[in-house]
Amino acid sequence: MIRPTGLAVLLSGRGSNFRAIHAAVQKGRIPVPVLAVVSNRADAEGLERASALGVPVFALDDRDFPSRKAHEQELIRVVQEAGADLVILAGYMRRLSPYFVTQFPSRIVNIHPSLLPSFPGVKAQEQALKHGVKISGCTVHLVNEQLDAGPIVLQRVVDVRDDDSVESLSSRILAQEHEAFVEALARLSGGYRVEGRQVVFAMPESSSLG
Ligand code: GRF
């Protein structure tokens, strides 16, 4: 059974998912602290927000490192030194290599703005619109060595409207992302294990709500 005790949030941009997670930690809904926020972009808005909230922040620009591995080694060091044992990808826009993933087996959580396995990779909302699907949503999943393919923790559905633009659909999905990420982390924090593609929670569903 995996029982997380501290979160490290990795992000590249505005950090609205991080803010939702942080607010839920403050309220006690997610019972484990955010110990570090790490970005591969020094000017990420999310980093500034985290710093203002008093969370330790680390800017590790991948362009300052000689190789992907050197960058990831530093990421791993920062996460471990912070004492975090669950890595949260909240809009982290750089793919992590198998080297990184194997350091944190079943302990990396990502959010993706589509109903996986549909539309993995970048521009998921645009892919969904172009395909003409009538529902989309978001997926919280554990990260394995394949892109957007690990065991699913939780999904939320969003209707696609006839007049949707990428922006309007993205913004409705984002609202669901914030709730889904909080609920997923609340449940994972109670303990979980992975059986094949199933994430099995220690807590029954009802006890994590509220
Ligand atoms: C979200 O749509 C997330 O699903 C995707 O990147 C976006 C990050 O948004 N991976 P934010 O930085 O949390 O506001």
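Under the classification rounded if a/c is under 1.5, otherwise prolate if a/b is larger than b/c and oblate if not, where does region 1-113 fall, given a ≥ b ≥ c as square roots of the Cα gyration tensor eigenvalues? Numbers along the way, then the final one.
Numbers: a/c = 1.69, a/b = 1.20, b/c = 1.41.
Oblate, because a/c is 1.5 or more while a/b does not exceed b/c.
Would you mind telling me the antiparallel percentage of the DSSP bridges in the chain, rounded to 5?
Working: 16 of 32 bridges.
So the antiparallel bridges amount to about 50 percent of the total.
Picking from Gly190, Ile76, Ser97, whose Cα lies most toward the positive end of the charge dipole for the chain (charges on Cβ: Lys, Arg +1; Asp, Glu -1)?
Looking along the dipole axis, the top candidate is Gly190.
Calculate the dipole size of region 1-126 relative to its Cα centre from +1 charges on Lys and Arg beta carbons and -1 charges on Asp and Glu beta carbons; express the result in debye to the nearest 20. If you can, show how the numbers build up before the last one.
On the way: 15 positive and 11 negative charges, 71 e Å.
Roughly 340 debye, rounded to the nearest 20.
Hey, can you grab everything whose amide H is under 5 Å from the amide H of Gly6? Only 5+ residues off in sequence or another chain; H modelled, so Pro and N-termini drop out.
Close amide H contacts, sequence-distant or interchain: Asp85, Leu86.
Counting helices only, and only those DSSP H runs with n ≥ 4, report the 222 nm mean residue ellipticity of the chain as the sum of -39,500 (n - 2.57) divided by its residues, in deg cm²/dmol to the nearest 500. Can you show the working numbers first?
On the way: 6 runs with 72 residues, N = 210.
Result for the chain, helices only: -10500 deg cm²/dmol.
Among Ser168, Asn144, Thr5, flag the residue with its Cα farthest along the positive direction of the charge dipole of the chain, charges on Cβ as +1 for Lys/Arg and -1 for Asp/Glu.
The Cα lying farthest towards the positive end belongs to Thr5.
Give the average over all directions of the projected area of the C-alpha convex hull of region 7-207, one decimal, in nm². Don't jump to the answer; show the numbers that get you there.
Working: hull surface 44.8 nm².
That works out to 11.2 nm², a quarter of the Cα hull's surface.
With θ taken as phi - 60° and the coefficients 6.51, -1.76 and 1.60, list the Karplus ³J(HN,Hα) couplings across region 135-145 in order, rounded to whole Hz; mark glycine and proline as x.
Per-residue couplings from phi come out as 10, 9, x, 9, 9, 9, 9, 6, 9, 10, 7 Hz.
Return a whole-number percent for the relative contact order of the chain, with Cα pairs under 8 Å and 6 or more residues apart as the contact set. Could the numbers behind the result be given before it?
Details: 414 pairs, mean separation 44.5, N = 210.
Dividing the mean separation by the residue count of the chain yields 21 percent.
Could you sort the peptides 6-19, 107-120, 53-66 by per-residue average Cβ neighbour count (10 Å cutoff), highest mean leading?
Values: 6-19: 22.6, 107-120: 20.6, 53-66: 14.4.
Going from most to least packed, we get 6-19, 107-120, 53-66.
Let me know the charge dipole size of the chain about its Cα centre in debye, to the nearest 20, where only the beta-carbon of Lys, Arg (+1) and Asp, Glu (-1) is charged.
Values: 23 positive and 23 negative charges, 66 e Å.
Its charge dipole is roughly 320 debye.
Just order 30-39, 126-135 by mean Cβ neighbour count inside 10 Å, highest at the front, would you? Intermediate values should be presented prior to the final figure.
On the way: 30-39: 21.9, 126-135: 14.2.
The most tightly packed comes first, giving 30-39, 126-135.
Bear in mind that the values in this text are calculations on the coordinates, not laboratory data. Not measured: the values here are computed from a predicted model. Cβ sites come from the backbone with ideal geometry, for glycine too, and all protein chains shown count toward neighbours.
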